[in-house]
1. Report the gain in length on full extension from E425 to S233: 0.36 nm times residue separation, minus Cα-Cα distance, nm rounded to one decimal.
2. So if each residue of separation counts as 0.36 nm, and I subtract the Cα-Cα distance between R206 and K455, what length gain in nm does that give?
3. P(r) for segment 80-202, please, calculated from all Cα pair distances in 5 Å bins and given in %.
4. For segment 528-544, just list the computed ³J(HN,Hα) in residue order, Karplus coefficients 6.51, -1.76 and 1.60, θ = phi - 60°, integers in Hz, with x standing in for Gly and Pro.
5. What aspartates and glutamates sit close enough to K619 to cross-link, taking a C-alpha to C-alpha distance under 14 Å and skipping anything fewer than 8 places away on the same chain?
6. Any idea of the accessible area per residue across the chain, 1.4 Å probe, to the nearest Å²?
7. Pulled fully out, how much extra length does the chain show between K448 and L68, if you take 0.36 nm times their separation in residues and subtract their Cα-Cα distance?
8. Determine by what factor the alpha-carbon radius of gyration of segment 277-363 differs from 2.2 N^0.38 Å, reporting the quotient.
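The values are calculated or read from the model by the stated rules, or taken from the named source; none is laboratory data. Everything quoted here is computed from the prediction, not taken from an experiment. Here Cβ is always computed from backbone atoms with ideal geometry, including for glycine, and neighbour counts include all displayed protein chains. For the accessible areas, the whole protein counts, side chains as well, though only heavy atoms, and no ligand, DNA or RNA atoms are used. Shrake-Rupley method; radii C 1.70, N 1.55, O 1.52, S 1.80 Å.
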Amino acid sequence: MRTIHLASAESKSCWYVTEQADADAVAAQVLNEIKPNEEQIYADTETCTQEKWRHQWKVKSQIYKPGLDPFKSRVRLLQLGWRDQIWVIDLFRVSDVSKLRSLLESDDIWKWFVNGKFDYKHLAWDQDIILSNMVDMMAGAKLLNMDSANMQALAYHYLGRTLHKEVRITDWSVPDLTDEQLEYAADDIATMMQLRVPLVSDLKKRSLWGAFSTECGALAPAGEMELNGTKLSREAHAIKIAKTVDRREVLREQIIDRLEPFLPQMCLEGMKVGVNLKSPQKLLAVLQKAGLDIEGTSKAELKLKALDHPVTADVLEFKKCDKMISSFGPGLLEFIHPETGRTHPNFHGLFTTTFRFSCSDFNMQQIPRDKECRAWFVPNEGWKIVMADYAAIEMLGAGVAAKDAKLLEIFRRKLRFILAKRRGEKVDKVEEYEADPHYVTAVIITGKIITDILKKERQNAKPANFGFLYGMSWKKFRLYAFLEYGVTFTDKEAQLIRMKFFSGEGYPGLERWHRLTKSQYKDVAVVRTLAGYEIPLEYNSEYDSFAGPAALNYQVQNPCAAGNKKAMAKMWKRNRSYMRKALRWTGPMLVRTIHDENHLECPAHMAEDACRGLEEDMKTGMDAIFRADDLVSVEASAGDSWADKA
């Protein structure tokens, strides 16, 4: 081993490890001597581009960038820190990582990272090391509401140090690494070792350790989803996009024909007149000439002010088709990875205010709720997609936050109804309807008995449930019901529905919760959630306080997000044996999370067991947050595409 001289960590011994025997000795020493409940290790990686992808190293337009993409990269260095020692292990020279694997996969040892999801993916793919018990400082920084959550921000905040990261973009594939590169690699570990104590102190001081544990537990599942990716059927995609393009052109012609009298006259005889329908300004000008009393071309403006005009429906459908083509047209195929033949969206657990997962490159959460679109996403040949979501989880989350007895009883009935069905017991319509919050709300609104409720009345109850949940006024409710559900209410009807919703016959617990929140957060700028998170609030001038709808929303959305993350940690643990490279794609694989829905892929003969396992993991994860086992319902089904979801 060669000494690395590191000015920022003079009290540490830093070593560059290039011999197999030395690497094995390091792993053996830590495994034999570490005190699992008192100590931890620190880990990091430096990656480089595989030779076959070197020509793309600096191509900025690449979706899957070499050096960052695990399928186009190699792990050059594995850095480890423990007690007063730092080792920089060169994996180009140490070929057998079996002893290091035992250390990094140990369930008894916590490993600290910064952006651990990145390291998880690269070590899993390149070295067949499936990291467990990961702790991520980035999650801690986000929970503490720091402006930035990277290593530079942490070092400056806690240590007053400015980290220079220019070395990070140097070539890590060279045969002989420079002293500067080795010092940079070691310094990351030395910095992490200095950061842990003050970071942990702040998290515990603000009672955020439970939330921190939840976020760290979601690192490995997120890494697995990104590695496993999603298979996109080129054929199904081509059929839908071709139909959409054809429909858009038909609509374009219809719109031009309807608007022709209002278009500028063309000088050349026989030349087709037209207007750029994609230009809001030009379209608005022509629509105004056609007599539409509108100030813009948004969906809301057109629906509210010009719904009866013959051209409006065509314009709205044209915009919808055009949005589909621009967002999910031929460009979507560019996300199919050249190495795997699958798409690999990124799932971000820390990027949203409520800590719900978001998605990018590409955003699967925006795929339309259209069966032809969802048919694009298919499993491997001979496999099934196993899909499950939580039953009306936002309403349940609000019921838990508000302690609304009536709302909670609906969900207890829902769970009993599902379990009875699963046991093959006979259930009647009354039991089914009483377990459905939309039917129950329809009863509150109409005063009918539940078996007399019509499907239309159930549909009309949806905007009430989702609108009033977060304190919507009757005026906004009326607009929301029309724009989102196509349901029209008069002013008097909207006021009456709101009154009934919060009455003693409705959900009085929700009304009490709204009043309490309004009082509690008038001058308090941070929401403390049931899941143990702190989420900052912005001042709401309309309410003259911090207690706007966001104060209610965060109390619901965040616990739901945390429950799903706990569930994902359980899914990862259940299916961990199939993550080893030799066994990958022989058993259930976690592939995506979409809002309150989780998907696995598995061989067809495993589908039934995978359904039951997914239901159990999702339920127990959410139960842990809601602190009850009689409220959460999950039903899983298996299919040949996402479109088959029950």
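1. Values: separation 192, 0.36 × 192 = 69.12 nm, distance 3.90 nm.
My answer for the length gained is 65.2 nm.
2. On the way: separation 249, 0.36 × 249 = 89.64 nm, distance 4.81 nm.
Extra length from R206 to K455 when fully extended: 84.8 nm.
3. Once binned at 5 Å, the Cα pair distances of segment 80-202 give 2, 9, 18, 22, 22, 16, 9, 2, 0.
4. Values, residue by residue: 9, 9, 4, 7, x, 9, 10, 10, x, 10, 9, 5, 10, 5, 4, 9, 6 Hz.
5. D389, D596, E597, D629, D630, E635
6. Ligands and nucleic acids excluded, the result is 46 Å² per residue.
7. 130.8 nm
8. The value comes to 1.55.
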